[in-house]
1. Got a number for residues in the stretch B:378-423 being open to solvent by 60 Å² or more (accessible area, probe 1.4 Å), touching a strand residue (DSSP E or B) at 6+ places or on another chain (Cβ under 7 Å) and part of a loop (DSSP other than H, G, I, E, B)?
2. Give B:Ala177, B:Ala200, B:Ala187, B:Ala120 a once-over and let me know the one that is open to solvent by less than 50 Å² (accessible area, probe 1.4 Å), away from chain A (no Cβ under 11 Å) and in contact (Cβ under 8 Å) with a residue 24 or more places away in the chain.
3. Checking B:Gly218 against (1) under 21 Å from A:Thr28 (Cβ atoms); (2) crowded, with 24+ Cβ neighbours inside 10 Å; (3) more than 11 Å from chain A (Cβ to nearest Cβ); (4) in contact with a Lys or Arg (Cβ under 9 Å, 6 or more places away or on another chain), which single condition isn't satisfied?
4. Restrict the check to the stretch B:86-100 and report whether at least one residue is surrounded by 22 or more Cβ atoms within 10 Å (Cβ to Cβ) and out of contact with any Pro (no Cβ under 6 Å at 6 or more places or on another chain).
5. Hey, which of the helices (runs of 4 or more DSSP H) in the stretch B:1-77, taking only ones fully inside, have at least 3 residues that are within 18 Å of B:Gly406 (Cα to Cα) and hydroxyl-bearing (Ser, Thr, Tyr)?
6. In the list B:Lys112, B:Lys45, which residue meets the criterion of being among the basic types (Lys, Arg) and at pLDDT 90 or above?
7. Taking the conditions exactly as written (of a type outside the set (S, T, N, Q), on the phi > 0 side of the Ramachandran plot and surrounded by fewer than 21 Cβ atoms within 10 Å (Cβ to Cβ)), does B:Lys484 satisfy them or not?
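The values are calculated or read from the model by the stated rules, or taken from the named source; none is laboratory data. Given the structure is predicted, the values throughout are model-derived calculations rather than measurements. No Cβ is skipped: glycine too gets one built from the backbone with ideal geometry, and neighbour counts run over all protein chains shown. All accessible areas refer to the heavy atoms of the entire protein, side chains included, with ligands and DNA or RNA removed. Shrake-Rupley method; radii C 1.70, N 1.55, O 1.52, S 1.80 Å.
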Amino acid sequence: MEDLFKKELKIINMGLEGFAETLKERGTTVLHVRWQPPAMGDDSLLSLLDKLK
Amino acid sequence: MVLKYHISNNTFRDSVYLMRLSSTVRSFEGVVEAEVIIGTDHNKKFLQAAGLWSDQMDHDAGANDLIIAIKAEDDEKAEKAIQSTIEELNKSVERENLLGEFVPRTFETALKNLPGANLALISIPGRHVHREVDQILDAGLNVMIFSDNVTLDEEIALKKKALGKNLLVMGPDCGTAIINGVPLAFANEVKQGRIGIVAAAGTGLQEVSSLISNMGEGISHGIGTGGRDVKASVGGITMIQALKALYADAGTEVIVVVSKPPDREVTEKVLELVSEATKPVVINFLGGNPNDIEKAGAVPAATLKEAAEKAVNLARGGKAEIEVEHSPDKQLNVQNIKDNFNESQKYLRALYSGGTLAYETIILLHNSLGDLYTNLSYDQVKKIEDVYKSVKHTVIDFGEDEFTQGRLHPMIDPALRNSRIIEEAGDPETAVIMLDLVLGYNAHPDPAGSALEAIKEAKEIAGKKGRNICFVTSVLGTDEDMQKRSEQVKKLLDEEVLVFPSNADAAVFVRKLLAE
């Protein structure tokens with residue numbers, strides 16, 4: 001956490017793309033993740049995958 | 001009238017992009033209603049309620065598919081709208097390919113491509129947050145969770161895990177933060193400096209940081225905790241971590257804490273920690289007890305503006321009251337404005353986009369204005385029955401869930417608030433319409449311009465009936481914001497709208513106008 005205050009921010013943005021765009025425009029290091037719901041959004045498949053973990 | 005739909009399989013776009021696209025499609029010729037939306041069960045119910053539903057959709061679209069649903073005047077117009085929407089969706093992918101930038105699909109891949117990443121900003125649907133953030137914490141990153149709809153148990157689990165790893169989890173439902181001078185999500189471009197802020201109230205952090213910047217001082221870090229952090233069940237985990245971090249931060253000389261009054265146990269913990277502080281701490285527990293704060297050796301502030309002023313004074317070692325700009329109420333003749341109201345005009349209609357600002361106004365006005373109603377929860381004020389219909393003095397926060405289901409937040413799209421401004425002007429009892437205009441990253445590009453369109457129409461409606469409505473506003477932001485505060489203020493003043501330096505100033509002026 002101390003890192004956060006002392007080092008340059010390097011951000012991974014997951015979700016709203018606009019947040020990454022505004023950060024990029026002002027020169028902040030940011031990588032946007034085009035996130036999609038896992039297991040094709042299928043809740044029962046998702047809980048099965050979680051159990052396999 | 002026809003209803004047509006198209007399903008794009010395995011197509012996912014973020015909700016803000018899709019709401020903007022939906023609003024564009026609604027403006028196409030012959031289109032009556034339109035939604036471009038992901039096929040989750042929740043969204044399907046939304047389509048049903050919006051009259052854009054066909055049972056076949058349930059079979060055709062799943063939670064990873066995109067539904068384009070159009071209600072149009074005829075078949076041809078509906079089909080044309082669908083084709084244009086598909087073209088728009090394809091364009092967004094083409095733009096991405098043109099930029100030649102790699103866009104990862106998972107956190108794991110992202111981390112490989114951005115080694116040394118130290119913060120994740122999360123705004124995915126709430127029910128997926130725990131699973132993603134859990135692995136992000138394992139990878140050693142701090143997290144800001146903008147998403148809401150994360151369960152309390154999940155919040156507690158994530159925060160405990162982060163604490164064990166000496167990582168920070170801001171949020172869920174954390175709308176704004178400033179770390180190392182970098183404004184995150186809905187934050188303002190403020191000066192960097194020596195005042196640190198911890199806030200469990202989003203627009204509270206925006207207001208205090210902007211006012212401090214406008215007073216000529218700057219912000220070291222502004223840490224958002226999410227509103228639930230100060231509940232006994234969460235125990236103020238993030239607030240306490242943030243305070244300790246600011247104590248240890250050499251760049252922070254004065255600390256401001258902004259929050260609704262925390263639960264008793266959390267207040268005790270926070271004040272105990274504050275009593276050990278070696279730096280001055282200013283606390284605004286919105287509507288909380290100032291005596292406890294003083295006992296802990298901290299400086300209580302009754303309003304967000306007072307918190308900003310006191311922090312600036314402490315940083316400078318001075319005691320003078322600081323003016324952000326000349327406040328209009330010193331020149332205004334309250335009696336003249338009152339005389340301009342006709343007999344039926346008695347009430348305030350405060351229409352807010354920032355929740356904390358609405359809350360602050362309630363605190364400042366509820367004792368002096370009897371019969372105050374609101375859609376927010378505040379012990380001593382009556383809850384409004386129908387949020388779409390004002391009663392006597394009314395304070396409405398358009399950022400509450402009832403207004404944002406399937407819609408953009410009013411700070412991005414003020415359309416709903418604008419139509420309410422016009423509606424209030426038709427009510428003979430409306431005397432004062434109060435508005436907050438919130439500038440900053442990701443907010444509307446011209447909040448004053450947008451509000452003025454409605455204000456002009458409202459003035460005309462009231463004028464025809466021989467009524468003068470007094471418009472009272474404050475503009476939250478800085479000249480470094482892309483909307484440029486001074487230009488926004490000028491636009492409003494040019495149309496004879498009253499602009500105050502802070503929300504608290506605006507509320508105090510309304511009190512002078514309308515107090516019984």
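1. Total satisfying the criteria: 1.
2. Among B:Ala177, B:Ala200, B:Ala187, B:Ala120, only B:Ala200 is open to solvent by less than 50 Å² (accessible area, probe 1.4 Å), away from chain A (no Cβ under 11 Å) and in contact (Cβ under 8 Å) with a residue 24 or more places away in the chain.
3. (2)
4. So far as the stretch B:86-100 goes, no, none of its residues is surrounded by 22 or more Cβ atoms within 10 Å (Cβ to Cβ) and out of contact with any Pro (no Cβ under 6 Å at 6 or more places or on another chain).
5. Values: elements: B:15-26, B:41-49, B:55-60.
Answer list for the stretch B:1-77: B:15-26.
6. B:Lys112
7. Yes: the conditions hold for B:Lys484.
Residue-wise test of (1) closer than 19 Å to B:Thr356 by Cβ; (2) at pLDDT below 95; (3) part of a loop (DSSP other than H, G, I, E, B); (4) touching a Leu at 6+ places or on another chain (Cβ under 7 Å).
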position: B:Ser210; (1), (2), (3), (4): yes, no, no, yes
position: B:Ile223; (1), (2), (3), (4): yes, no, no, no
position: B:Tyr247; (1), (2), (3), (4): no, no, no, no
position: B:Val312; (1), (2), (3), (4): no, no, no, no
